[in-house]
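A.B. asks: Have a look at this one.
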Amino acid sequence: MDSLVSVTEEARRRLGEARSVAVLTGAGISADSGVPTFRGPEGLWRSFRPEELATPEAFLRDPNLVWEWYDWRRGKVAACRPNPAHDAIVRLESRVPRFSLLTQNVDGLHREAGSQNVIELHGNIWKVRCTNCHEVGDNRDVPIQVPPHCETCGGLLRPHIVWFGESLDPDDIRAAFEAAESCEVFLVVGTSGIVQPAASFVSTAKRAGAFVIEANLDPTPNTWIVDVHLSGRAAEVLPSLID
Ligand code: OAD
């Protein structure tokens, strides 16, 4: 117990003193808002096959099916609000001179909470992209017309999400690696740490000398390389770590 208290204190102190912080989040941070995660007993990938719904091939084969799935997910996210973990990250950003938030989440809850310097590595479920003219736009319709079409050119719209087999935006990757390499403290929250390249930001930060803190319900492949693993729900662990 004593050692648990002292590692938590050490994590708090490091975070309190750091002048540059990078945070990486995954589906676990939004779980406390009611957004389903991907893996684990109730994760989306237990009931759905990613190759049928989250690949460019799946979209080419059956855009309506893919859009119906995204429409269902958009409906779920629309009913969710940021939780105390999202709010704690906003407060952290407000007091740290150099701050970056790297999220794999597409739900937009970090921005809704008030986070400013956010890189949405996997896109955003409220954005659409034209498969013809490539214009990206906002669309918050719930339900969305299936399939939706571009107001500019009439082309088929797709979710502005990075699917399996697709590359992340190179500018986002560059900025994310820069943040991981240059921060004093790297905080990783609610990600299973198995999807690349986000998973490798943790080891990058560690190699570059950052103090790395992981907050997760369960151990992950990152747990053995981090300095402190805080076990618990993000909505409870983060406010107590940050405030
Ligand atoms: P996962 O569903 O793989 O992992 C969620 C992690 O959060 C697990 O390690 C859980 O133990 C943890 N967790 C669950 N509830 C939590 C809570 N209340 N507090 C803290 N931790 C909790 O989600 P990601 O790691 O985000 O990509 O998945 C990465 C990517 O894989 C996603 O962005 C998505 C998916 O396929 C795309 O769709 C491109």
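A.B. asks: Say we join alpha carbon atoms closer than 10 Å with springs in a Gaussian network model of the chain; which of Asn64, Asn117, Asn132 then has the biggest fluctuation?
C.D. replies: Looking only at Asn64, Asn117, Asn132, the largest GNM fluctuation is found for Asn132.
A.B. asks: Per DSSP helix of 4 or more residues, -39500 (n - 2.57); summed, then divided by the residues of the chain. What does that give at 222 nm, rounded to the nearest 500? Each step should come with its number before you reach the end.
C.D. replies: Values: 11 runs with 100 residues, N = 243.
Mean residue ellipticity, 222 nm, calculated: -11500 deg cm²/dmol.
A.B. asks: Under Stokes-Einstein, with the Kirkwood radius over Cα pairs standing in for Rh, what whole-number D in µm²/s applies to the range 11-57 at 20 °C and 1.002 mPa s? Before the final figure, lay out each step's value.
C.D. replies: Numbers: Rh = 13.5 Å.
It diffuses with D of about 159 µm²/s by this estimate.
A.B. asks: Could you work out, for the range 80-149, what percent of all Cα-Cα pairs fall into each 5 Å distance bin, beginning at 0 Å and stopping at the bin that holds the largest distance?
C.D. replies: It works out to 3, 15, 22, 21, 15, 11, 7, 5, 1, in whole percents.
A.B. asks: How far is helix 84-95 tilted off the main Cα axis of the chain, in degrees rounded to 10, range 0 to 90?
C.D. replies: Once rounded, one gets 70 degrees.
A.B. asks: Nearest 10 degrees, 0 to 90: what angle lies between the long axis of helix 170-182 and the longest principal axis of the chain (Cα atoms)?
C.D. replies: 10
A.B. asks: If you don't mind, another one. Taking the Cα centre of the chain as the origin, how large is its charge dipole in debye, to the nearest 20, when only Lys and Arg (+1) and Asp and Glu (-1) carry charge on their Cβ atoms?
C.D. replies: Details: 24 positive and 33 negative charges, 26 e Å.
Dipole size: approximately 120 debye.
A.B. asks: Which of the trypsin sites (Lys or Arg not before Pro) found in the range 1-37 are in a DSSP loop and have at most 15 neighbouring Cβ atoms, other than their own, within 10 Å?
C.D. replies: Numbers: sites: Arg12, Arg13, Arg14, Arg19; in loops: Arg19.
Passing both the DSSP loop test and the Cβ count: Arg19.
A.B. asks: What is the sum of charges around Gly165, taking Lys and Arg as +1, Asp and Glu as -1, for the other residues whose C-beta is under 11 Å from the C-beta of Gly165? Each step should come with its number before you reach the end.
C.D. replies: Values: positive: none; negative: Glu51, Glu57, Glu166.
Here the charged neighbours net out to -3.
A.B. asks: Can I ask one more? Just want the ordering: Ile89, Ile29, Ile194, from fewest to most Cβ atoms lying within 10 Å of their own Cβ. Before the final figure, lay out the partial values.
C.D. replies: Numbers: Ile89 29, Ile29 33, Ile194 13.
With the fewest neighbours first, Ile89, Ile29, Ile194 line up as Ile194, Ile89, Ile29.
A.B. asks: Can you tell me the alpha carbon radius of gyration of the chain divided by the globular rule-of-thumb value 2.2 N^0.38 Å?
C.D. replies: Here the answer is 1.03, to two decimals.
A.B. asks: Ok, one more. Taking only Cα atoms and a 10 Å spring cutoff, compute GNM fluctuations for the chain and point out the largest among Pro197, Pro63, Pro221.
C.D. replies: Pro221
A.B. asks: Something else: Which shape class, rounded, prolate or oblate, goes with the range 144-243 when its Cα gyration tensor gives a ≥ b ≥ c as root eigenvalues, a/c under 1.5 marks rounded, and past that a/b bigger than b/c marks prolate?
C.D. replies: Details: a/c = 2.66, a/b = 1.87, b/c = 1.42.
Prolate is the answer for the range 144-243, as a/c is 1.5 or above and a/b outweighs b/c.
A.B. asks: How much net charge surrounds Cys130 when only the other residues with a Cβ under 12 Å from the Cβ of Cys130 are counted, with Lys and Arg +1 and Asp and Glu -1?
C.D. replies: On the way: positive: Lys127, Arg129, Arg158; negative: Glu135, Glu151.
Counting the neighbours of Cys130, the net charge comes to +1.
A.B. asks: Right, here's the next one. Summing Lys, Arg as +1 and Asp, Glu as -1, what charge do residues with Cβ under 12 Å from the Cβ of Asp218 carry, Asp218 excluded? Before the final figure, lay out the partial values.
C.D. replies: Numbers: positive: Arg39, Arg233; negative: Glu214.
Taking every other residue near Asp218 into account, the sum is +1.
A.B. asks: Can you give me the P(r) profile for the range 1-137? Cα pairs, bins 5 angstrom wide beginning at 0, each as a whole percent.
C.D. replies: 2, 9, 15, 19, 17, 14, 10, 7, 4, 2, 1, 0, 0
Every read-out reported here was derived from the displayed coordinates using simple, explicitly stated rules and does not represent laboratory data. The structure displayed is predicted, hence computed values, not measured ones. Quick reminder, even Gly has a Cβ in these numbers, built from the backbone with ideal geometry, and neighbours come from all protein chains shown.
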